[in-house]
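Engineer: Here you go, one structure.
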């Protein structure tokens with residue numbers, strides 16, 4: 001290797017300095033050359049090792065894939081041979097079993113009998129059993145249109161053949177033709193001009209009376225029951241009735257009454273009996289046709305309960321009783337009634353009255369009545385919606401939605417009464433009823449557990465929800481009262 005380097009002029013004039021620089025440059029070149037050769041050798045070795053490793057991996061993979069394919073093909077062939085042998089044995093066993101069953105069925109079919117019915121023009125059918133290796137005789141009468149009959153015997157010859165023989169005491173006579181005489185009858189032609197008889201009366205059914213009743217109960221008795229529990233008994237009675245009057249779609253008068261009462265008792269003590277449902281509602285609506293399906297209508301809706309109610313388990317202080325409270329709505333408005341299953345009653349003139357009969361026993365303030373009064377009333381807007389549909393011939397759904405909006409405090413005092421009922425008629429006398437009843441009354445308040453600065457507890461209205469499911473006896477009544485109306 002030829003090394004060429006430059007030195008300064010001042011250093012080149014001194015021979016000793018020049019030689020030092022030369023020797024230094026040669027030593028550095030030797031060191032660099034040795035380092036370069038070691039680096040090249042190491043790089044060649046690394047490349048060689050990498051190539052050898054890659055080749056070994058490739059060779060091992062090729063050998064492994066080849067060996068795996070050979071083993072897989074051998075295993076598949078072996079499995080196919082084993083499965084073929086096994087399947088052949090199973091098929092032979094199944095074929096032998098099927099053949100044995102078919103032969104047995106053939107023997108039974110040959111010995112089995114076939115029922116054959118033979119019927120004449122009138123009379124009951126005669127039954128004859130056809131079978132092999134056993135003969136039987138059956139007797140029947142064959143009748144004609146004149147109701148004349150002869151006796152015949154039916155014989156079973158084999159499974160596909162019957163024999164018919166007439167009884168021995170039958171005698172046949174041939175009918176002979178006798179002389180006859182022809183008569184000519186005079187043809188009578190009646191008068192074709194008939195006089196129409198005027199209709200004097202029409203039969204109408206203005207009154208439609210009906211109702212239904214349901215009685216459901218549940219009973220449980222436990223004695224020395226290790227798993228625990230308490231005996232219980234509960235029942236629910238629902239009675240509904242209606243009396244509707246209609247006069248040629250010009251006048252409609254609908255009256256309905258609903259009574260619900262339910263009790264439950266846990267344990268054997270009769271004092272533990274608690275009321276879980278109590279309602280009495282009377283509704284009367286009178287409507288005069290305005291146009292098409294719209295009616296000028298007025299309604300009175302009265303609702304109360306029969307028995308005392310308590311905030312259980314505290315049964316010492318009653319919170320309600322008969323006519324305490326009693327709510328009455330007097331409505332005047334328009335009723336849209338396109339059919340008997342739908343009604344929308346809009347009454348912009350409505351008076352709501354709440355009356356508490358026994359203020360000495362019942363706290364009337366819980367129902368919006370002042371402490372120094374027994375009743376109050378408020379004007380407002382009332383909306384009544386009723387819809388009923390038969391989901392199936394035995395399952396019906398009915399919803400009743402009522403909303404009252406107070407004119408004095410609109411959108412602050414709102415009453416909502418929504419009742420949904422599904423009735424499934426299991427049999428003619430047993431039905432299953434599911435009811436979801438939601439109620440919101442701005443005048444009925446509940447304690448919230450919070451207190452004002454002066455220590456007075458805060459009361460607010462809340463949504464009231466009742467869900468009911470029962471299975472029991474049911475009975476329906478539907479009767480039309482017919483009248484005779486003279487035609488003028």
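Engineer: Within segment 273-280, does at least one residue satisfy the condition of being over 16 Å from residue 331 (Cα atoms) and outside any strand (DSSP E or B)?
Structural biologist: Here is the first cut: in segment 273-280, the residues over 16 Å from residue 331 (Cα atoms) are 273-280.
Filter once more, so that each one left must be outside any strand (DSSP E or B): none.
For segment 273-280, residues over 16 Å from residue 331 (Cα atoms) and outside any strand (DSSP E or B): absent.
Engineer: Out of (1) more than 21 Å from residue 333 (Cα to Cα); (2) surrounded by 12 or more Cβ atoms within 10 Å (Cβ to Cβ), the odd one out for residue 389 is which?
Structural biologist: (2)
Engineer: Related question: Looking at 422, 458, 471, which one is assigned to a strand (DSSP E or B) and free of Cβ contacts under 8 Å to residues at least 24 places away in the same chain?
Structural biologist: It is 458.
Engineer: Of 349, 389, which residue is in contact (Cβ under 8 Å) with a residue 12 or more places away in the chain, within 39 Å of the chain's Cα centre (by Cα) and not in a loop (DSSP other than H, G, I, E, B)?
Structural biologist: Of 349, 389, the one residue that is in contact (Cβ under 8 Å) with a residue 12 or more places away in the chain, within 39 Å of the chain's Cα centre (by Cα) and not in a loop (DSSP other than H, G, I, E, B) is 389.
Engineer: Can I ask one more? Go through segment 362-377 and report how many residues are buried (at least 19 other Cβ atoms within 10 Å of the Cβ) and over 41 Å from the mean Cα position of the chain (by Cα).
Structural biologist: 3
Engineer: Let me ask something else. For residue 321, indicate whether it is in contact with a helix residue (DSSP H, G or I) (Cβ under 8 Å, 6 or more places away or on another chain) and at pLDDT below 95.
Structural biologist: no
Engineer: Turning to a different aspect of this structure: Looking for something out of contact with any strand residue (DSSP E or B) (no Cβ under 6 Å at 6 or more places or on another chain) and modelled with pLDDT under 80 - is there at least one such residue anywhere in segment 200-213?
Structural biologist: Yes, some residue in segment 200-213 is out of contact with any strand residue (DSSP E or B) (no Cβ under 6 Å at 6 or more places or on another chain) and modelled with pLDDT under 80.
Engineer: Out of curiosity, is residue 287 touching a residue at least 12 places away in the same chain (Cβ under 8 Å), within 29 Å of the chain's Cα centre (by Cα) and not in a loop (DSSP other than H, G, I, E, B)?
Structural biologist: When the stated conditions are applied, residue 287 does not pass them.
Engineer: Scan segment 357-384 for residues that are under 20 Å from residue 417 (Cα atoms) and part of a loop (DSSP other than H, G, I, E, B) and jot them down.
Structural biologist: Residues satisfying the conditions are 368, 369.
Engineer: Test residue 432 against the criterion of being surrounded by fewer than 16 Cβ atoms within 10 Å (Cβ to Cβ) and at pLDDT 90 or above, and give yes or no.
Structural biologist: No: the conditions fail for residue 432.
Engineer: Further, regarding this structure: Can you report the number of residues in segment 145-154 which are part of a strand (DSSP E or B) and either touching a residue at least 40 places away in the same chain (Cβ under 8 Å) or over 12 Å from residue 116 (Cβ atoms) (or both)?
Structural biologist: So the answer is 5.
The values are calculated or read from the model by the stated rules, or taken from the named source; none is laboratory data. Bear in mind that the values here come from a model prediction, so they are computed numbers and not experimental data. Every residue, glycine among them, receives a Cβ derived from its backbone with ideal geometry; neighbour counts consider all protein chains shown.
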